[in-house]
Amino acid sequence: MPNIKTQISNKIVMKKRLIDLILKRSFRYTKKPTFKLASGKKSNFYFNCKPVTLSPEGMLLAGNLLYELIRKEKTWKVKAIGGLTLGADPVTNAIAYTSQIKGDPLEGFVVRKEPKKHGTMLWIEGYVKKGDKVLIIEDVITTGSSTIEAITRARECGLKVMGGQLQGRENAG
């Protein structure tokens, strides 16, 4: 097992590389606010994290760094992580995959924007049940409405939301 200095060094290197990837693949800037945000506001900054979180390297980095943050917070003791589809999906998958490799599995789940119109007609997909402690995640935040929607729906379905862990932030300008 690597010593603490090596572990800290690896986290610093991973964090720096993830920041570099986000700046290269996800960040956009214009002098004039031209990016229309989900809130309807305009911004001159924009982060679209999917080109990072859907890449093999981005999944590896985000999965490892966020898994460590989640497990570091001892008060959460969550069984699962998830959020509103589509933003949270790649991040959820990266963390769940990483947790399995580390021998400490976290279930992943998806909160739908509307229930399925057929089959079980569920709002939430994944192996979670009423009373499970969960963490809501999102790839980018502006007003927080997607996160709030996911928290509300998870609670309505009987899940105990312990907190939220964010990978990135979108500046509403």
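The table below gives the values:
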{"quantity": "Three-way shape call for the chain based on the alpha-carbon gyration tensor, with the a/c threshold at 1.5", "calculated": "oblate"}
{"quantity": "Protection proxy ranking, peptides 113-120, 9-16, average beta carbon neighbours within 10 Å, highest first", "calculated": "9-16, 113-120"}
{"quantity": "Candidate lysines for bridging to Lys79, where Cα separation is under 21 Å - those fewer than 8 sequence places away on the same chain excluded", "calculated": "Lys102, Lys129, Lys130, Lys133, Lys160"}
{"quantity": "Segment 58-173, relative contact order [Cα under 8 Å, separation at least 6], %", "calculated": "27 percent"}
{"quantity": "Taking N as its residue count, the alpha carbon Rg of segment 75-168 over 2.2 N^0.38 Å", "calculated": "1.00"}
{"quantity": "Linear extension gain, Asn10 paired with Ile148, 0.36 nm per residue minus alpha-carbon span", "calculated": "46.4 nm"}
{"quantity": "For a label point 7 Å along the Cα-to-beta-carbon line of Thr30, residues of segment 41-71 with backbone N under 16 Å", "calculated": "41-48"}
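Here, each number is a calculation from the coordinates, and none is a lab measurement. From a predicted model like this one, the values you see are computed outputs, not experimental measurements. Quick reminder, even Gly has a Cβ in these numbers, built from the backbone with ideal geometry, and neighbours come from all protein chains shown.
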